Amino acid sequence: MGPWRFFLPRVGQYAIVLAVAISLNFFLPRLMPGSPLALLAGVEPSELTQEERQALISEAGLDQPMIVQYFRYWGNVLTFNFGKSFRMNEPIGELILDRLPWTLLITLTALLLSSLIGIALGVLAAWRRGRASDVASLNTMIALESTPSFWLGMLFVALFSVTLGWLPSYGAVTPGATLSPWETIVDVAAHAAMPILTLTILSVPGIFLTMRYSTLSVMGEDFIRTAQAKGLTNTQVLSRHVVRNAIVPVSTVIALRLGFAFGGTVVIETVFSYPGLGRLVFEAVSSRDYPVMQATFLVFTIAVLIANTLADLLYPRLDPRTRT
Amino acid sequence: MTPKTPSPARPKTSGVPTVSIRTFITPRDSTRLAPRDFTRVIGTVGAIIVSTLVLVAIFAPLIAPYDPSIRAGAPFSPPSAEHLLGTNDVGQDILSELIFGTRVSLMVGVVAASAAMLIGTTIGLVGGYFPRVGGIIMRGVDVVLVLPFLPLLIVLSTYLGRSVLNTILVIAFLIWAPTARVIRSQVLSLSRRDYVTAARSMNAGDGYIIRRHVLPRTFLLAIGEFVAATSAAILLESSLSFLGLGDPLQKSWGSVLYWAQARGAFLTPAWQWWVLPPGVLIMLAALGFALLGYALEQKINPRLRRA
């Protein structure tokens with residue numbers, strides 16, 4: 001069995017999560033008061049004649065028994081057939097594929113940055129526990145945890161775009177510009193800078209607090225005293241013994257933060273009009289484009305599950321004690 | 001060996017803000033940080049912030065210079081003696097909007113957190129006291145914890161429609177899970193104590209044991225959880241309102257920011273009086289409740305105190 005004994009029950013749990021998400025998508029529009037036609041076909045029933053309404057109902061399969069509709073829905077989801085957007089009349093799969101790279105660009109970069117910053121600061125704070133710098137960084141992190149990220153983003157625009165004029169305030173590329181490959185990279189980076197900064201600030205406190213906690217508990221262990229007793233320098237103790245052990249639980253938290261970061265993109269991409277998945281959610285919500293909203297919710301769920309699975313696979317590699 | 005019980009440092013959550021506040025406390029802190037003083041300072045600051053905001057909410061009609069729903073001056077006015085924080089795009093006084101918004105933001109936070117605490121405590125109690133059923137229930141809790149949080153919140157509120165009650169319901173429905181976990185571990189440990197075994201050996205019923213031995217010691221913990229959950233709920237409400245999913249008739253701090261965003265206030269000098277103040281209020285409220293929750297938890301949670 002080996003690592004599978006740890007992994008298999010998790011896979012079962014993730015399958016259940018996915019099933020719950022898909023079922024929520026199916027049942028929510030059908031259980032809401034009023035005609036599901038408005039929610040599922042994007043038309044107000046009162047605007048239609050009797051015949052048109054009938055035609056739409058049978059086209060959407062709403063005249064079938066619920067259980068048939070349910071299985072048909074599963075079939076569609078499993079073949080990535082999410083239907084068409086009400087608003088843009090485009091296949092949703094393509095819409096999502098258009099938007100996904102931008103979201104991945106900013107979330108993954110932000111996750112990398114916040115992991116590095118959070119881990120470094122967390123170890124530092126734990127090492128200097130109780131001193132002024134530890135208390136100061138703790139207080140800063142608590143304050144950051146309480147800061148609405150979209151508001152921070154708005155302030156960044158006011159500061160970096162409007163006042164200082166350093167960075168573009170919206171979009172992912174300069175529209176209509178012909179640029180050399182190098183200029184394109186600079187352009188994309190300049191547009192992504194503020195969303196990445198905001199997302200990073202959103203994720204640092206969680207990673208910092210876990211790393212600090214984890215480092216402190218490792219520092220209380222006997223083998224650290226042994227390492228110190230045999231005359232290792234502080235740097236050696238930290239790098240070889242403390243951080244290597246303390247980083248194990250943090251790795252899981254980082255993977256889980258990905259799901260959090262994806263959720264954060266909804267408000268952050270809205271502030272910066274960044275054309276990613278989060279912005280797509282906002283557009284879908286504002287225009288009552290339910291199929292798009294559902295599909296993006298599913299994509300977010302799948303992303304979270306992938307992140308969890310990665311964390312599960314990573315865990316035994318980092319911590320040999322969980323291997324059997 | 002595969003660890004049977006998940007260690008506390010390995011939370012399975014898609015990122016509910018309330019959980020991480022618990023990670024401040026460590027064995028080593030107690031000797032170095034003089035935690036009692038630190039906790040007292042933090043608790044006092046939190047209490048001052050929260051009680052000030054509550055007073056503002058209660059006396060909003062007396063404090064606010066204008067009715068926030070009427071046109072009180074020229075649209076887009078900068079701050080002046082008549083309008084300390086200027087006016088918005090339809091000429092409403094922004095300061096009055098914020099003062100009245102305190103009511104909505106705090107109420108949504110407190111009511112949603114109360115409901116979440118009720119659900120979380122009940123499920124945690126059942127899950128902890130009846131280990132067999134508990135295992136199954138906690139699997140369900142894990143499922144809720146893994147679902148992506150904000151997107152689900154958005155999907156639910158879009159379907160339900162924009163009203164204060166729906167905002168409260170949706171937030172409550174999504175933030176009870178961490179509370180359930182905390183309560184469950186407390187109940188699990190309580191119901192294995194010797195005095196519970198002793199009571200059981202004297203033929204005490206489950207209802208009696210829960211009432212007499214488990215609930216009193218769980219109740220205080222639940223209060224700490226409630227205060228921390230309020231902080232999370234206030235932040236969530238602001239996000240929802242910012243996305244335009246708040247009640248259109250009951251403006252909160254988040255919806256003031258929604259309109260500021262929709263009218264591009266952050267692209268003009270208006271950000272100083274239209275964008276900055278509501279965000280500061282959200283931050284203060286979330287921080288106040290978080291600090292208060294942290295201080296209460298330090299006082300209450302015996303496991304943390306012993307450490």
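Please treat every number below as a calculation from the coordinates, not as lab data. Predicted model, so just to flag it, every value in this text is computed and none were measured. Don't worry about glycine lacking a Cβ; one is built from the backbone with ideal geometry, like all the others, and counts go over all protein chains shown.
A few comments on the model shown:
- Build a GNM of chain A with springs between Cα atoms under 10 Å apart, and of A:Val271, A:Val68, A:Val253 the one that fluctuates most is A:Val68.
- Ranked for footprinting exposure by Cβ neighbours inside 10 Å, fewest first, A:Met211, A:Met219 give A:Met219, A:Met211.
- The calculated FRET efficiency for the pair B:Val54 and B:Ala81, based on their C-beta separation and a Förster distance of 22 Å, comes to about 0.20.
- Local net charge near B:Trp259, Cβ-Cβ under 15 Å (Lys/Arg +1, Asp/Glu -1): 0
- Relative contact order, whole percent, for chain B stands at 26, derived from Cα pairs under 8 Å and 6 or more residues apart.
- For the stretch B:174-307, averaging the sequence separation of C-alpha pairs within contact (under 8 Å, six or more residues apart) and dividing by the residue count gives a relative contact order of 26 percent.
- Chain A: calculated mean residue ellipticity at 222 nm from DSSP helix runs of at least 4, using -39500 (n - 2.57): -24000 deg cm²/dmol
- For A:Phe208, neighbours were defined as the other residues whose beta-carbon sits under 12 Å from its Cβ, and their charges (Lys and Arg +1, Asp and Glu -1) total 0.
- Dipole magnitude (debye, nearest 20) for chain A, charges at Cβ of Lys, Arg, Asp, Glu: 1760 debye
- Projected label distance in nm at B:Arg217 and A:Ser133, using a 7 Å step from Cα toward the beta-carbon: 4.2 nm
- In plain terms, the residue of A:Ser137, B:Ser157, B:Ser189 with the fewest other Cβ atoms within 10 Å comes first and the most crowded comes last, giving B:Ser189, A:Ser137, B:Ser157.
- Normalised by the number of residues in the stretch B:74-190, the average gap of Cα pairs under 8 Å and 6 or more apart makes the relative contact order 30 percent.
- Neighbour net charge for B:Val104 - beta-carbon separation under 13 angstrom, K R +1, D E -1: 0
- The simple spin-label model puts a point 7 Å past each Cα toward its Cβ; for A:Thr163 and A:Leu108 those points are separated by 3.4 nm.
- Global geometry of the protein assembly as shown, whether rounded, prolate or oblate, following the gyration tensor of its Cα atoms and the 1.5 cut on a/c: rounded
- Of the residues A:Phe80, A:Gly153, A:Leu100, the one whose Cα sits farthest towards the positive end of the charge dipole of the stretch A:73-189 is A:Gly153 (charges of +1 on Lys and Arg Cβ, -1 on Asp and Glu Cβ, taken about the Cα centre).
- Reach of A:Lys230 by Cα under 18 Å, taken over aspartates and glutamates that are not fewer than 8 positions away in the same chain: A:Glu221, A:Asp222
- Cleavage-rule hits, trypsin sites (Lys or Arg not before Pro), the stretch B:191-253, DSSP coil, Cβ neighbours within 10 Å at most 16: B:Arg192, B:Arg193
- Low-density loop cleavage sites - trypsin sites (Lys or Arg not before Pro) in the stretch A:237-302, where at most 16 other Cβ are within 10 Å (DSSP): A:Arg288
- Simple point charges give the picture: +1 on the Cβ of Lys and Arg, -1 on the Cβ of Asp and Glu, and for the protein assembly as shown a dipole about the Cα centre of about 3480 debye.
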